[in-house]
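K.L.:
Handing you this structure, nothing more for now.
The values are calculated or read from the model by the stated rules, or taken from the named source; none is laboratory data. Given the structure is predicted, the values throughout are model-derived calculations rather than measurements. Virtual Cβ from ideal backbone geometry, glycine too; neighbours counted across all protein chains shown. Areas reflect the complete protein model, heavy atoms only, side chains present, ligands, DNA and RNA absent. Shrake-Rupley method; radii C 1.70, N 1.55, O 1.52, S 1.80 Å.
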Amino acid sequence: MTSFATHRLRVHDVSLAPVQRFCGFRTCVAEFAPYGVRATYHHLVHSARIPADLEEDPDALVRAVEELHAAREIWRAAQATWVVARRAQKAAGVRIPDPPEPTRRLWCPDPEFHPAVPLTATMPRILRAPPGEWASCPVCDVDRGTTRYHGGYGVHRLCAGCGVSLGYRPTGPEDDVPAARAAVAARWRLVWRRTAPPWRGH
């Protein structure tokens, strides 16, 4: 079995301690992260209501991994269809894939700002997203404006509606890099421990 499938079973294994089941969940997120690892983790923590104390509701881990699994199955089906079509294209001498390989991830650099709907709702839109940068958000499919996020290593132009990165530039001398990195690291520790209070209304 794949790493994802193996660790999904660990999440379901009630004979394991909640922290061991959490480790399985964490590995699944590392294997398949539609918004990037941190934003996908945050999304699932909130959608499945995973508590800071895992003993309070260990079944929340099952809810989280099953939402992730359902989204992954959508991607796997699209990927399998694309592979069959691509083989036929190669046999016909077509060198450039048409359409391109389905996208499996859009980048949400702010871990706490990402689409709020279930992953199964956004996965088809992620799959249809063209490569490169976009003038409008492929998830919202409308122009909701943009906002700026300093991730410590670069400045992102985000969709103001759902947090998907629409563009990026490296940090420059005008950016307060040490302060931004410290703030991001401190906030992530709270998110990881599932103790972060609401963040900027997202």
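K.L.:
Just check the chain against the gyration tensor rule for me: Cα atoms, a ≥ b ≥ c as the square roots of the eigenvalues, rounded for a/c under 1.5, and otherwise prolate or oblate depending on whether a/b exceeds b/c.
P.N.:
The shape class here is oblate.
K.L.:
What is the spread of the Cα atoms of the stretch 10-126 along each of their three principal axes, largest first, in whole Å?
P.N.:
Projected onto the principal axes, the Cα atoms of the stretch 10-126 cover 57, 32, 18 Å.
K.L.:
Quickly estimate the mean residue ellipticity at 222 nm for the chain, helices only: each DSSP H run with n ≥ 4 gives -39500 (n - 2.57), and the total goes over all residues, rounded to 500.
P.N.:
The helix contribution divided over the chain gives -15500 deg cm²/dmol.
K.L.:
Here's something else I'd like to know. Hey, what did the chain get for relative contact order, percent, Cα under 8 Å, at least 6 apart?
P.N.:
Once normalised by length, the contact order is 17 percent.
K.L.:
Multiply the residue gap between residue 70 and residue 128 by 0.36 nm, knock off their C-alpha separation, and tell me the result in nm, one decimal place.
P.N.:
Stretched fully, the residue 70-residue 128 segment lengthens by 19.1 nm.
K.L.:
Grab the beta carbon distance between residue 53 and residue 95, set R0 = 45 Å, and tell me the FRET efficiency rounded to 0.05.
P.N.:
E between residue 53 and residue 95, to the nearest 0.05, is 0.25.
K.L.:
Over the stretch 1-110, with every protein chain in place, what whole percent of the accessible area is carbon and sulfur at 1.4 Å, could you tell me?
P.N.:
Summing carbon and sulfur atoms, their accessible area is 56 percent of the total for the stretch 1-110.
K.L.:
Also, quick follow-up: Taking the full set of protein chains and a 1.4 angstrom probe, give the accessible area of residue 15 in square angstrom, rounded to the nearest 10.
P.N.:
100 Å²
K.L.:
Tell me, which cysteines of the chain are without a disulfide-compatible partner by the Cβ under 4.7 Å rule?
P.N.:
Among the cysteines of the chain, those whose Cβ sits 4.7 Å or more from every other are 23, 28, 108, 162.
K.L.:
Then there's this: What nm distance separates the two modelled labels at residue 187 and residue 37, each placed 7 Å from Cα along Cα→Cβ?
P.N.:
About 1.9 nm separates the two model spin labels.
K.L.:
Here's something else I'd like to know. Size of the dipole of the chain about the Cα centre, Lys and Arg at +1 and Asp and Glu at -1 on the beta carbon, nothing else charged, in debye to 20?
P.N.:
Here the size comes out at about 500 debye.
K.L.:
Please state the relative contact order of the stretch 84-202 as a whole percent: Cα pairs under 8 Å, 6+ residues apart?
P.N.:
Across the stretch 84-202, relative contact order equals 21 percent.
K.L.:
For the stretch 4-54, report the accessible area per residue in Å² (1.4 Å probe, heavy atoms, rounded to an integer).
P.N.:
41 Å²
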